[in-house]
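A short worksheet on the structure shown next.
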Amino acid sequence: MRFLSCFLLVLSWLLPPLAAAEAAEQDYLEMSLEDLLAVTVVSASKTEERLLEAPLAISTLTGEEIQRAGATSWGEALRLMPGLIVREQSSGNFDIHVRGFDNVPPDSQLPFLANTLTLVMIDNRIVYNYFAGGTFWETLPVSLADVKAIEVVRGPASPLYGPNAAAGVIHIITRDDDHDGWASAVQLEGGEDQTQLVSLRSGYVSERFRWQFNGHHHARDRTDSSYYSLVQGRDVANALDLVEFDTGQPSPFAPIRFPDQQTAQDNQAAAMAFDVALDNDWDLHIGLGFEESQVQKSYFENGITPLNTAVSDTQFVEFRAEGHGFTAHVAWLQGDQEALGVAGWAWDFETLDAVFEYDYRVNDRFSLRPGLSYRNAAYDGVFILGKQDMTTLAGALRADWRPNDKWRVIAAVRADQYDTPDTTEISTQLALSYNPNEHQNLRFTYGKSNRAPFIIDTFQDTSFTTPNGLLFELRGNRDLDPLTSESMELGWRFQPNDKRQFEVELFQARNKNYSDVNLIFAGPDGDFFRTTGEYENLPIEPELTGLTMSYTQSLTETSYVRAFVTFTDTQINDHIKPPESPPGGEGPPPGGEGDDPPGPPPGLPPRVLVDLDEAATPDYYGGIVFDQRFKKWSLNLNLYTYDASVMKQVIESMEIESKLILNTKVMYRFSQHGEVFLNLRNLTDDDEREFLYTDRIGRQILGGLNLRF
């Protein structure tokens with residue numbers, strides 16, 4: 001494979017100089033709670049500041065914490081942070097929500113179960129799928145071994161980061177070693193379910209130049225070999241036994257959809273970065289990389305089972321220049337992606353992002369940050385009748401004022417001009433922060449953000465027929481109003497000393513302008529019974545109210561505990577009640593026996609609006625982390641738990657049982673250059689499904705080795 005050949009070439013080139021290099025990596029076993037509480041964050045205001053004084057709801061997770069906790073995937077790492085709902089679909093593949101709004105609108109297709117409201121970034125480079133929204137985590141060209149920190153901003157953040165930060169921001173910040181000379185790190189981990197996790201990171205630093213390479217190969221088998229049949233309402237042992245909804249016969253597309261039924265995740269990626277510090281105080285950065293991946297996950301609607309195989313092959317290039325308060329960042333991403341065996345769900349794409357900002361310091365207490373941005377997302381696929389694109393131009397202004405040592409006022413506004421639909425959306429933010437003393441921070445935040453339109457909602461134009469004489473047509477809509485989210489929040493942070501910290505936040509958010517397919521025609525049409533649907537804005541307006549609390553406490557000089565929990569209540573107003581039976585009748589019984597059912601009566605079903613207690617977001621979720629060091633040994637225990645919930649899809653609904661996932665990692669430092677470890681995931685072997693009829697994932701035993709040169 002291309003990745004493996006590149007990996008071996010780079011490794012053979014680097015090993016001679018690395019063998020003689022001195023260790024320069026931060027020792028995972030030496031980082032104390034005081035170090036963790038003293039970390040700074042940048043994602044709340046794009047300027048470095050103490051976490052205690054950050055004006056927004058934000059949490060940070062360091063790379064050292066990730067390594068010591070034994071996280072093997074992005075989902076497992078984010079389970080260590082407050083305010084995140086994380087559900088595993090198959091080994092290593094997760095759906096991740098900030099605070100809530102899961103499964104909205106309910107009774108719809110699988111993509112609506114995925115999170116499309118959170119913006120994910122890697123070193124300020126946006127990672128987002130504009131075809132149907134959301135983040136494809138398996139396509140990220142970095143691994144957890146490359147992470148310096150993950151910062152999560154909870155709540156709308158579009159005024160600072162642009163569209164798609166409607167629920168928050170997950171910012172992945174990679175390592176930027178500041179030692180001189182060569183240094184490298186290799187991480188090897190493997191175990192049950194054919195798990196193979198290999199990561200390599202290497203770099204060279206001089207006074208004005210930095211070069212860094214990272215690469216990884218991750219492969220895992222599924223822990224559950226069965227598939228749930230949406231048509232038959234039961235599990236089947238083999239994908240070849242899945243049947244089509246209209247014939248009841250084995251699906252001819254199953255071998256295409258599931259070329260390797262055992263594989264849960266197989267991805268490889270490599271990235272390289274060059275940084276140069278110029279004599280005139282300008283810093284230049286160039287980054288490039290690629291990824292290849294194949295996973296089984298729940299996102300693409302195939303009508304027969306929630307899981308589907310997705311493949312991706314993408315490349316990126318970025319350039320960033322910073323100096324004298326100016327920042328210019330241009331990023332280009334292109335590739336091809338496909339849901340195997342799902343008609344039309346294959347596309348080539350490229351996105352271009354350009355952001356220009358200036359941090360103007362009027363004086364020590366007042367600053368302005370004006371900014372301009374450009375974004376073009378172009379996709380080429382059968383579902384959208386060829387190549388279609390969307391362009392967004394935006395202007396933003398953010399003011400940060402500190403009238404005295406106790407008060408801070410932040411106001412921001414951003415205008416996004418979309419070419420499709422032809423509309424300008426305004427995002428706003430107001431944050432009031434008060435520090436009565438050096439140990440406390442109180443804040444109030446109001447925010448309004450929007451989500452960019454999707455390619456498929458806007459440009460879809462497709463039709464297909466069934467053997468039973470049913471004709472289905474789907475149409476996009478170029479006049480959809482973008483989704484908006486409006487929220488308010490009260491927060492309090494309290495750090496009485498360097499050994500304890502407590503935080504609580506009360507929040508409320510309301511969304512509107514969701515879009516979905518609306519039936520505009522149903523009736524006989526020549527030899528067919530035709531149903532035609534078109535995307536439209538829905539009347540639905542979900543409202544989320546919640547409370548998040550977190551507490552960190554040093555127990556001894558070498559141990560600490562961190563606990564966090566979120567309580568939520570979600571109401572859905574004006575949801576369109578689904579019809580008792582779908583257009584086209586109930587379909588034939590499994591096996592294809594019996595007469596073909598009649599089509600539904602001509603005409604459209606009446607629209608009935610109902611208010612619901614939204615059931616997909618758990619009433620509570622959270623976790624506990626305990627970390628203990630014994631000289632050369634390190635022990636970490638961490639658990640994640642959530643309440644029962646109900647997920648609803650257009651065909652099925654499922655009660656998600658409450659679950660408690662307990663993990664532990666034991667690590668031994670055998671020298672200054674490395675550790676060996678034992679990593680036990682889900683110790684209680686609780687294999688309840690976490691997502692709508694996806695895999696049952698139980699206990700897993702892994703072991704590995706870290707080496708630093």
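The values are calculated or read from the model by the stated rules, or taken from the named source; none is laboratory data. For clarity, every value in this text was computed on a predicted model and none was experimentally measured. Note: ideal-geometry Cβ built from the backbone for every residue, glycine included; neighbour counts use all protein chains shown.
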Margin query: Being of a type in the set (Ser, Thr, Tyr), part of a strand (DSSP E or B) and either at pLDDT below 90 or buried (at least 21 other Cβ atoms within 10 Å of the Cβ) (or both) is the filter here; which residues of the stretch 161-187 pass it?
Written below: Ser184
Next item on the list: Collect the residues in the stretch 628-673 that are free of Cβ contacts under 8 Å to residues at least 12 places away in the same chain and under 20 Å from Val86 (Cβ atoms), keeping them in residue-number order.
Entry: Glu655
Checklist line | Check on Gly371, of a type outside the set (A, V, I, L, M, F, W, C) and under 30 Å from Phe529 (Cα atoms) | finding: no
Margin query: Among (1) assigned to a strand (DSSP E or B); (2) crowded, with 17+ Cβ neighbours inside 10 Å, there is one condition Tyr668 misses while meeting the rest; what is its number?
Written below: (2)
Notebook entry, point to check: If you take the residues in the stretch 615-639 that are aromatic (Phe, Trp, Tyr) and farther than 21 Å from Tyr693 by Cα, which one is surrounded by the most Cβ atoms within 10 Å (Cβ to Cβ)?
Noted result: Phe626
Next item on the list: Could you check the stretch 425-516 for strands (runs of 3 or more DSSP E) lying wholly inside it with 2 or more residues that are hydrophobic (A, V, I, L, M, F, W, C) and either on the phi > 0 side of the Ramachandran plot or out of contact with any helix residue (DSSP H, G or I) (no Cβ under 8 Å at 6 or more places or on another chain) (or both)?
Entry: 440-450, 470-475, 484-497, 500-512
Notebook entry, point to check: Which of the residues spanning the stretch 450-492 are within 30 Å of Gly155 (Cα to Cα), more than 24 Å from the chain's Cα centre (by Cα), surrounded by 23 or more Cβ atoms within 10 Å (Cβ to Cβ) and modelled with pLDDT under 95?
Noted result: Phe459, Gly476
Notebook entry, point to check: Among the residues of the stretch 295-306, is any touching a residue at least 24 places away in the same chain (Cβ under 8 Å), surrounded by fewer than 20 Cβ atoms within 10 Å (Cβ to Cβ) and either touching an Asp or Glu at 6+ places or on another chain (Cβ under 6 Å) or not in a loop (DSSP other than H, G, I, E, B) (or both)?
Noted result: no
Notebook entry, point to check: Which of the residues belonging to the stretch 124-160 are farther than 17 Å from Ser59 by Cα, not in a loop (DSSP other than H, G, I, E, B) and not hydrophobic (A, V, I, L, M, F, W, C)?
Noted result: Arg125, Glu138, Thr139, Asp146, Ser158, Pro159
Notebook entry, point to check: Inside the stretch 609-663, can you point out the residues that are part of a loop (DSSP other than H, G, I, E, B), in contact with a strand residue (DSSP E or B) (Cβ under 7 Å, 6 or more places away or on another chain) and of a type in the set (A, V, I, L, M)?
Noted result: Ala615, Ala616, Ala644, Val650
Checklist line | Selection within the stretch 495-521 - under 30 Å from Glu473 (Cβ atoms) and over 30 Å from the mean Cα position of the chain (by Cα) | finding: Leu519, Ile520, Phe521
Check: Among the residues of the stretch 537-585 satisfying the criterion of being hydroxyl-bearing (Ser, Thr, Tyr) and not in a strand (DSSP E or B), which is modelled with the highest pLDDT?
Finding: Thr558
Notebook entry, point to check: For the stretch 564-580, how many residues are touching a Ser or Thr at 6+ places or on another chain (Cβ under 7 Å) and either surrounded by fewer than 18 Cβ atoms within 10 Å (Cβ to Cβ) or of a type in the set (D, E, K, R) (or both)?
Noted result: 1
Next item on the list: Find the residue count for the stretch 640-661, including only residues that are at pLDDT 90 or above, crowded, with 19+ Cβ neighbours inside 10 Å and not charged (D, E, K, R).
Entry: 6
Check: Can you name the residue in the stretch 222-257 that is assigned to a loop (DSSP other than H, G, I, E, B) and free of Cβ contacts under 8 Å to residues at least 60 places away in the same chain and is also nearest to Arg699 (Cα to Cα) among such residues?
Finding: Ser225
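So that you can scan it fast, the table gives a plain yes or no per residue for (1) of a type in the set (A, V, I, L, M, F, W, C); (2) within 29 Å of Leu110 (Cβ to Cβ); (3) modelled with pLDDT under 95; (4) not in a loop (DSSP other than H, G, I, E, B):
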| position | (1), (2), (3), (4) |
| --- | --- |
| Asp281 | no, no, yes, no |
| Ala310 | yes, yes, no, yes |
| Gln315 | no, yes, no, yes |
| Phe319 | yes, no, no, yes |
| Val330 | yes, no, no, yes |
| Leu333 | yes, yes, no, yes |
| Ala343 | yes, yes, yes, no |
| Ala354 | yes, no, no, yes |
Next item on the list: Would you mind finding the one in Pro105, Pro111 that is touching a strand residue (DSSP E or B) at 6+ places or on another chain (Cβ under 8 Å), surrounded by fewer than 24 Cβ atoms within 10 Å (Cβ to Cβ), closer than 30 Å to Lys577 by Cα and touching a residue at least 40 places away in the same chain (Cβ under 8 Å)?
Entry: Pro105
